[in-house]
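Below is one structure, written out as structure tokens, with a few remarks after it.
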Amino acid sequence: MADGVTSNPVQEKRKSAAEKPGEKPAEKPVTKPGDKPAEKPGTKPGAKQTAAPPAPVMDLRDPSLYINRELSNIEFNRRVLHETQAEHPLLELVKFLAIFHSNMDEFFMVRVSGLKQQFKLGLTTTSPDGLLPREQLANIHRTLTQLFAESNVIWREQLYPKLAETNIHVLRYEELTKSQRNKLRLYFEREIFPVLTPFASDPSRPFPHISNLSLNLAVQVRNPKTGELHFARVKVPPPLPRLVPLKRFDPDQLSTPAVQKFVWSEEIIAANLDRLFSGMEIVAAYPFRVTRNSDMELQEEEADDLLLMMEDNLRQRHFGTVVRLEIDESMPTEVRNILISNLEVDSYDVYTTNGPLGLSSLWELHRLDRPDLKDRPFTPSTPPPLQNVRGSIFSVLRQRDILLHHPYDSFAPVVNLLEVAADDPDVLAIKTTLYRVGGNPPVVEALKKARLNNKQVAAVVELKARFDEETNIHWAQELESVGVHVAYGLIGLKTHCKVTLIVRREREGIRRYVHLSSGNYNSTTARLYTDFGFMSHDETLADDASDLFNFLTGYSRQESFRKFLVAPVSIRPRLLEFIRRETELGPNGRIIIKCNSLVDGEFIRNLYKASQAGVKIDLIIRGVCGLRPGIKGISDNIQVMSIVGRFLEHSRIYYFHNDGSPSLYMGSADIMPRNLDRRVEVLFPIEDPAMQSHIMENVLAVSLRDTAKSHILQSDGRYIPRRYLLDGDGPLFSSQAWFLSQKDSPPADYF
């Protein structure tokens, strides 16, 4: 079985376009979300259809019915890597290669490290697809060896020469002129040499600690008097840019600013090692890089102060076990064995490459000021009700609910809501949850301002947001410093929901406003991720939000909510109830789910049962999916698609037709055990018929039409670009391009 899908030169020539209705290629029609399934020949119009005879009984826990979670994760990143072959501006192609390698770093730090721990503990528990930890590790190594080799070819044979054609040159040290080398020697002496510390390794000097994701040189030196070989390690300083620009040193660059030249920092160091090992002969230097286990295990029940425990665990993260060793293929066996022995890694932890290590650093190229090589900038729109508002945003929300579709709709109204609330003398209290807010967040500044204006402000800051722990600790302390009431969530649960509650005194009495979202309160990612935000003054939603904050900040044991579905209390049972309701409707049932991941076994089994009953099911799963579609008699009514494009698909939508009275929810939860059982998540209903229709017709149906950026999951676990499955040769349709084209002309009726 092929690991990937090769390019089709004929189909690659098709032009991606934001297709107009009626222009899509011939393909099996896709039922719109609100449509009932087509009636079978011979049935009377409007007659109820009966379910097909039951298929032979098969155990729905059979491992053959499940796709391995780790391999599905890798397949998602294969789709990311596939975008380097797509129709993007050049520096966007470079960006996707950087994203691929950054994702792989995290995959090893979290997922592979967990499997290695299971293996070393001798655990024999199998994954849902029946694999032992050692079998999964072997499959991961085999698959990623091929995928990393592919990524190196993409860099070396595709992106590297194309960059040169556009006057961006990433040079090898041996390509430099003598003058350039002399200039770099001075740069080395002045800015690099003072911070370098060579570490020898011998009986009197133990092998040095190698930092996570650090780039290093394994140096062989020879004593010219004795001829004896020695080993040393030199770390490439993290503050040093990975790609050093030559414009500082090359006079020709100053006269031709359009030409940009760079040299890999490790090659500059390797060429000047004689300054570090005076009197020794430099034999060779080989780059290597390690990845460490970074998945922290907290004993929260034993903590007197969760913040202090988090700070201590962050320090311990630097000393996690090594889970991957990346080396250059030129490294000789004796040097490789020194690293393997001292880092205590196994052979399947070692990955060799014939290109630069750590290509996540290619983000440095994407930051170049070359707008001609990047996506065309766009200005997010503001929904009509929020344009030219007379009075405050609260006057608008008293009249109607507002739905925001980011990044096509601006995140500014969310920030504005909090800023207005911070200054409004009638606002009494603001409560919010913060998961990943990023650097210099305007949301945090608004909360601080509100507190300084003597409002009651409470923030639930999730300290355990992976790889954002330090940032969140900082903002928690910032908020506490001005008197904001900060809570860190609940023991044993991550607070992942996105909820804000504003309490305001008005003429009629106290009124409350809510903002609910699938995405973070992060102005940066709001321009990069697709998410939905919902603003409302609905009293029942406000009651639920109030109860939720009492649950998060106090000792409330809230177990039921009016409209919210809240994990770990009610999301699992209620969504399963909705699936079973559609199952009872058989061929008249309809389910559409859009989320990031689907791996929960109980949900997969219930979706299989729904498919067996004849329910048409569309799953738009951006990332990991453990369900196998298209298995005869099991999942032949299920289609799974993944959209990977300019923006990261991040929104979650759950649609159940309910015989013409749809249930439609949005929110923060994916279908994973961690979201359903170990996190505080919120799904909120969209009840207004016009808004429901808008989401069904202008979001879900549009996403299901995507032929340019969608990939269809096959029953064998492969994803095939949908463009390869089309019958015709017409223009391709990109849902994200369509959303961009429509952002300034939203339908007037859904407000």
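Details
- When residues in the stretch 293-309 are screened for being modelled with pLDDT of 70 or more and in contact with a Lys or Arg (Cβ under 8 Å, 6 or more places away or on another chain), 3 of them pass.
Per-residue answers, yes or no, for (1) under 30 Å from GLY130 (Cα atoms); (2) at pLDDT 50 or above; (3) out of contact with any Phe, Trp or Tyr (no Cβ under 9 Å at 6 or more places or on another chain); (4) in the same structural domain as GLY586 (by TED's automatic domain parsing):
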position: GLU12; (1), (2), (3), (4): no, no, yes, no
position: LYS28; (1), (2), (3), (4): no, no, yes, no
position: LYS32; (1), (2), (3), (4): no, no, yes, no
position: PRO63; (1), (2), (3), (4): yes, yes, yes, no
position: GLU70; (1), (2), (3), (4): yes, yes, no, no
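- Any hit, the stretch 132-151, residues being buried (at least 19 other Cβ atoms within 10 Å of the Cβ), farther than 30 Å from ASP369 by Cβ and among the charged types (D, E, K, R): no
- Out of GLU106, GLU83, GLU87, one residue alone is acidic (Asp, Glu), touching a strand residue (DSSP E or B) at 6+ places or on another chain (Cβ under 8 Å) and not assigned by TED's automatic domain parsing to the domain that holds LYS261. It is GLU87.
- Residue in the stretch 641-653 that is under 19 Å from the mean Cα position of the chain (by Cα), among the polar types (S, T, N, Q) and in a strand (DSSP E or B) present: yes
Quick grid of which residues meet (1) more than 17 Å from ALA422 (Cα to Cα); (2) not aliphatic (A, V, I, L, M):
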{"position": "ALA450", "(1), (2)": "no, no"}
{"position": "GLN456", "(1), (2)": "no, yes"}
{"position": "VAL461", "(1), (2)": "yes, no"}
{"position": "GLU469", "(1), (2)": "yes, yes"}
{"position": "LEU479", "(1), (2)": "no, no"}
{"position": "HIS485", "(1), (2)": "no, yes"}
{"position": "LEU490", "(1), (2)": "yes, no"}
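- Boolean, GLY533 is small (Gly, Ala, Ser), at pLDDT 95 or above and out of contact with any helix residue (DSSP H, G or I) (no Cβ under 7 Å at 6 or more places or on another chain): no
- When the test is whether a residue is surrounded by fewer than 16 Cβ atoms within 10 Å (Cβ to Cβ) and within 28 Å of VAL110 (Cβ to Cβ), PRO239 passes it.
- The numbered conditions (1) surrounded by 14 or more Cβ atoms within 10 Å (Cβ to Cβ); (2) closer than 29 Å to LEU213 by Cα are all true for ILE402 except (2).
- Filtered by the rule that a residue be in contact with a Phe, Trp or Tyr (Cβ under 9 Å, 6 or more places away or on another chain) and assigned to a loop (DSSP other than H, G, I, E, B), the stretch 673-687 gives a lone residue, ILE686.
- Within the stretch 249-265, considering residues that are in a helix (DSSP H, G or I) and surrounded by fewer than 13 Cβ atoms within 10 Å (Cβ to Cβ), the one modelled with the lowest pLDDT: SER255
- Within the stretch 351-386, the only residue that satisfies the criterion of being of a type in the set (A, V, I, L, M, F, W, C), surrounded by fewer than 18 Cβ atoms within 10 Å (Cβ to Cβ) and touching a strand residue (DSSP E or B) at 6+ places or on another chain (Cβ under 8 Å) is LEU368.
- One residue alone among LEU528, LEU516 is among the hydrophobic types (A, V, I, L, M, F, W, C), surrounded by 18 or more Cβ atoms within 10 Å (Cβ to Cβ) and in contact with a Phe, Trp or Tyr (Cβ under 7 Å, 6 or more places away or on another chain), and that residue is LEU516.
- ALA690 satisfies every condition listed in (1) part of a loop (DSSP other than H, G, I, E, B); (2) in contact with an Asp or Glu (Cβ under 6 Å, 6 or more places away or on another chain) except (1).
- Filter result for GLU584 (at pLDDT below 95 and either surrounded by fewer than 16 Cβ atoms within 10 Å (Cβ to Cβ) or under 25 Å from PHE532 (Cα atoms) (or both)): no
- In this entry, GLU445 passes the filter for residues that are of a type outside the set (S, T, N, Q) and without any contact (Cβ under 8 Å) to a residue 24 or more places away in the chain.
- Pick from the stretch 719-741, criterion assigned to a loop (DSSP other than H, G, I, E, B) and in contact with a strand residue (DSSP E or B) (Cβ under 7 Å, 6 or more places away or on another chain), ranking: surrounded by the most Cβ atoms within 10 Å (Cβ to Cβ): SER734
- Checking THR540, THR553 one by one, the residue that is in contact (Cβ under 8 Å) with a residue 24 or more places away in the chain and either in the same structural domain as LEU501 (by TED's automatic domain parsing) or of a type in the set (Ser, Thr, Tyr) (or both) is THR553 and no other.
- Residue within the stretch 422-436 that is in contact with a helix residue (DSSP H, G or I) (Cβ under 8 Å, 6 or more places away or on another chain), assigned to a strand (DSSP E or B), at pLDDT 95 or above and among the basic types (Lys, Arg) present: yes
- When restricted to residues that are surrounded by 15 or more Cβ atoms within 10 Å (Cβ to Cβ) and farther than 16 Å from TYR521 by Cα, the stretch 426-455 contains 7.
- Selection from the stretch 172-231 of residues that are more than 42 Å from the chain's Cα centre (by Cα), among the hydrophobic types (A, V, I, L, M, F, W, C) and surrounded by 14 or more Cβ atoms within 10 Å (Cβ to Cβ): VAL221
- Test: ARG134 is in a helix (DSSP H, G or I) and over 25 Å from the mean Cα position of the chain (by Cα): yes
- Pairs are defined by a Cβ separation below 7 Å, a sequence spacing of at least 6 or placement on different chains, a first member in the stretch 672-687 that is closer than 18 Å to GLY626 by Cα, and a second member that is hydroxyl-bearing (Ser, Thr, Tyr); the pairs so defined are MET672/SER597.
- Candidates in the stretch 689-702 are the residues that are within 14 Å of PHE532 (Cβ to Cβ) and not β-branched (Val, Ile, Thr); of these, the one that is surrounded by the fewest Cβ atoms within 10 Å (Cβ to Cβ) is ASN698.
- A Cβ distance below 6 Å, combined with a sequence gap of six or more or placement on separate chains, defines the contacts here; from the stretch 65-91, residues that are without any contact (Cβ under 8 Å) to a residue 24 or more places away in the chain reach no residue that is hydroxyl-bearing (Ser, Thr, Tyr).
- Residue match in the stretch 655-663 (condition: within 20 Å of the chain's Cα centre (by Cα) and either outside any helix (DSSP H, G or I) or free of Cβ contacts under 8 Å to residues at least 40 places away in the same chain (or both)): no
- Once the stretch 655-687 is narrowed to residues that are under 17 Å from ALA610 (Cβ atoms) and touching a Ser or Thr at 6+ places or on another chain (Cβ under 8 Å), the residue that is surrounded by the most Cβ atoms within 10 Å (Cβ to Cβ) is ILE671.
The values are calculated or read from the model by the stated rules, or taken from the named source; none is laboratory data. What you are looking at is a predicted structure, and each value in this text was computed from that prediction instead of being measured. Every residue, glycine among them, receives a Cβ derived from its backbone with ideal geometry; neighbour counts consider all protein chains shown.
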